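Notes to accompany the following structure.
The values are calculated or read from the model by the stated rules, or taken from the named source; none is laboratory data. Here the structure is a predicted model, which is why all the values come from computation and not from measurement. Ideal geometry is used to build each Cβ from the backbone, glycine not excepted, and the neighbour counts take in all protein chains shown.
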Amino acid sequence: MNASPKFCKHCGAALPPEARFCRGCGQPVEQIAPPPARVKKSVPRPKRRRGGCCLGCLGVLLVLALGVGGLFFWWANRPSDMLTLGGKEKVSPRRIVSAEGVLTVNDPGSPINGLSIQVPEGAYEKDTPFTLSTRQIKNHQFGPGFNPITPLIHVENGGAFAADAMTVSVPIQISPDEFAMAFFYDEKTGQLEGMPLLELTSDKATLLTSHFSDFVITKIPFAELADTNVDTGFAPGMDDWQFINYGSTISPGGHCSGQSLTAMWYYYEKYLGAGERRLYGRYDNNNYGFSTIDFQQDDSWGQHWASVVQVDQWNKGIGVFRLWGLTSDMLTWYSFAYAMKLTGEPQYVSIGRYVQEQDEQGQEKTVRKGHALIVYKVEGNRLWVADPNYPGEANRYISFENGAFQPYASGENARDIAAHGVRVYPEIAYIAKTAMVDWNKIGAQYQKLLEGKAGEGFFPNYGFSYLAEFNPATGDSIWKPLPEILELNEADTAKTSEAYRGKLVAGINMTPKVYRVTLYENGTDLVETKQSAGSNDLQFIIPLKVGVNELGFLIETIKDNEVSYTDFRRVRVIYELPDLSGSWEGTWQVEQAFNAQRYIE
């Protein structure tokens, strides 16, 4: 296609396409720059929005979830409103004087001026710093029986649990007709918990504890405690253990304290706290599947837990009773009454008697013999108690008459009662709940119970095995670990020798050389008892019946002619079961159900 003709703008003459000057008038021809070449831009295709709406929704949901989660976390961890508190006022470290294991607040401007903490030598493995602070109590919801006369006192020492109990003296002001007592306060749950009271005067309360948290001292007229009646809901036969306190290998003198503390822990943490079944009978026969409520030998889980708590918790702090002579029966009675009035919870009580014994050098010394109980009800002039020597009995109590406790009759353990009759205990001591024991350690041992490992690391080791084969040519025997469930037929038993056809040869090996093992069949039927004779090994030759053979082995140690409980092991041997495949007609008849399980999970 030809280009359009061009003309001179001066004279109008036609111009050649490439002319730079007009031939008619000689004027330069104006050059018009060609339009720039158009370069096609590479326009990217718009990206497809994949799930944009969904991502947006997910983002919104994530924000909502985080908000709800944060709100839930705050709600779950918010402070209780049982106390309305002011700001924290810290006691300056320069105002805390330390001398010979006693810390004293020397600050005239502090509401706890004069407070002192006595830390026994050896209570902590290393130097432990203490800081103190207070918070004013502006209001409360604990009712008319709660009348705080100190601020909420916080003692911080890292949460360490002392190996020996500490005494705390707090300045107060009460009139002669008033009683005062200290209570731990849990800011999260809003719960109060009594603290043992050693001494009370009109201007000072002396407390006892092995650990610290927030606490407050409150007062009440004696007249308001005179007719206190409180039933905590704890009941023997429902919330105590089903086994009797005979003691064990690691606690031969009895595990009454461990038995009481574990029952209390379970009642607070599992029954009330988690809505689980009540304790009595729950771990009867461990978890084996049938009830033997009147046969406590097979309750090894519970007895191990109680024994470990006895040894690991209470026996270490038994020296605390050197202080108990300071506390009058009157103060002890009112401690129980006031604690149960404000908390509605069972309380731990220790009873004691004093005897003269000779030490290894033949010198006479005074020895305290003690026993532990749970006070679950105060009514009139009686403290109703659950006694580990008499589990399930709801008719036992301690009387308070004319300002003094009447002696309570029981024993260090059931074996002692059987041998010597009941003992009389004139000393009654208020121990409260967690002031003297590490509550968390009790819970850790309970977790081991659930894993079937209660007492692991504390009780003697032993091993069970059975004879699987015997080679008469070489004289070699093959022993295998004896499992909880073992299936055998006649041919299997014959591999051990013709003499053992239809029999199980079971062996036990134990670390102490002096021990005894008792064999039971059909759950609780005693068959025979064997005692080691300077050897670590014992063997039982057990005839088997066709079907299910329920075997049980009670293991006990012997020291100084005293027999102590170690463990109980059940084994189910299924022998020569007939082939029941195919179609059958008829009716089932239960021949034996051992006592149907009383409590179903």
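Among residues of segment 547-560 that are without any contact (Cβ under 8 Å) to a residue 12 or more places away in the chain and assigned by TED's automatic domain parsing to the domain that holds Glu484, none has a Cβ under 8 angstrom from a residue that is β-branched (Val, Ile, Thr) and surrounded by 12 or more Cβ atoms within 10 Å (Cβ to Cβ) at a sequence gap of 6+ or on a separate chain.
In summary, Ser213 fulfils each of the numbered conditions (1) under 24 Å from the mean Cα position of the chain (by Cα); (2) surrounded by 18 or more Cβ atoms within 10 Å (Cβ to Cβ); (3) not assigned by TED's automatic domain parsing to the domain that holds His371 with the single exception of condition (2). For Ser210, state whether it is small (Gly, Ala, Ser), closer than 21 Å to Ile96 by Cβ and in contact (Cβ under 8 Å) with a residue 60 or more places away in the chain. So Ser210 passes the test. Taking Asn536, is it out of contact with any strand residue (DSSP E or B) (no Cβ under 9 Å at 6 or more places or on another chain), at pLDDT below 95, surrounded by fewer than 19 Cβ atoms within 10 Å (Cβ to Cβ) and not small (Gly, Ala, Ser)? Criteria not met by Asn536. For segment 555-586, taking the residues that are within 28 Å of Asn489 (Cβ to Cβ) and hydrophobic (A, V, I, L, M, F, W, C), the one that is farthest from the chain's Cα centre (by Cα) is identified as Trp584.
Could you tell me whether segment 240-253 includes any residue that is in contact with a Gly (Cβ under 8 Å, 6 or more places away or on another chain), part of a loop (DSSP other than H, G, I, E, B) and among the charged types (D, E, K, R)? For segment 240-253, residues in contact with a Gly (Cβ under 8 Å, 6 or more places away or on another chain), part of a loop (DSSP other than H, G, I, E, B) and among the charged types (D, E, K, R): present.
Taking first residues from segment 570-584 that are over 18 Å from Ile542 (Cα atoms) and partners that are modelled with pLDDT of 95 or more and not basic (Lys, Arg), the Cβ contacts under 9 Å between residues at least 6 apart in sequence or on separate chains come to Pro578/Val546; Pro578/Gly547.
When segment 478-529 is filtered for residues that are closer than 13 Å to Tyr462 by Cβ, surrounded by fewer than 14 Cβ atoms within 10 Å (Cβ to Cβ) and at pLDDT 95 or above, only Pro481 remains.
Please find, among Tyr354, Tyr376, Tyr408, Tyr348, the residue that is aromatic (Phe, Trp, Tyr) and either more than 30 Å from Pro221 (Cβ to Cβ) or not assigned by TED's automatic domain parsing to the domain that holds Ser307 (or both).
Numbers: Tyr376 fails: either more than 30 Å from Pro221 (Cβ to Cβ) or not assigned by TED's automatic domain parsing to the domain that holds Ser307 (or both); Tyr408 fails: either more than 30 Å from Pro221 (Cβ to Cβ) or not assigned by TED's automatic domain parsing to the domain that holds Ser307 (or both); Tyr348 fails: either more than 30 Å from Pro221 (Cβ to Cβ) or not assigned by TED's automatic domain parsing to the domain that holds Ser307 (or both).
Matching residue, one of Tyr354, Tyr376, Tyr408, Tyr348: Tyr354.
When Ala454, Ala432 are screened for being more than 25 Å from Leu208 (Cα to Cα), in contact (Cβ under 8 Å) with a residue 24 or more places away in the chain and surrounded by 13 or more Cβ atoms within 10 Å (Cβ to Cβ), only Ala454 passes. Considering (1) part of a strand (DSSP E or B); (2) surrounded by 18 or more Cβ atoms within 10 Å (Cβ to Cβ), the lone condition that Phe146 does not fulfil carries the number (1). Scan segment 403-423 residue by residue and report those that are without any contact (Cβ under 8 Å) to a residue 60 or more places away in the chain, part of a strand (DSSP E or B) and surrounded by 18 or more Cβ atoms within 10 Å (Cβ to Cβ). Answer for segment 403-423, where residues must be without any contact (Cβ under 8 Å) to a residue 60 or more places away in the chain, part of a strand (DSSP E or B) and surrounded by 18 or more Cβ atoms within 10 Å (Cβ to Cβ): Tyr408, Ser410. Answer yes or no as to whether Thr529 is of a type in the set (Ser, Thr, Tyr), in contact with a strand residue (DSSP E or B) (Cβ under 8 Å, 6 or more places away or on another chain) and farther than 30 Å from Asp294 by Cα. When the stated conditions are applied, Thr529 does not pass them.
What do you reckon, is Glu187 under 25 Å from the mean Cα position of the chain (by Cα) and part of a strand (DSSP E or B)? Judged against the criteria, Glu187 is not a match. Within segment 170-184, being part of a strand (DSSP E or B) and crowded, with 18+ Cβ neighbours inside 10 Å holds for Val170, Glu178, Phe179, Ala180, Met181, Ala182, Phe183, Phe184.
Reported count of residues in segment 525-561, each being among the β-branched types (Val, Ile, Thr) and farther than 25 Å from Ile250 by Cα, is 5.
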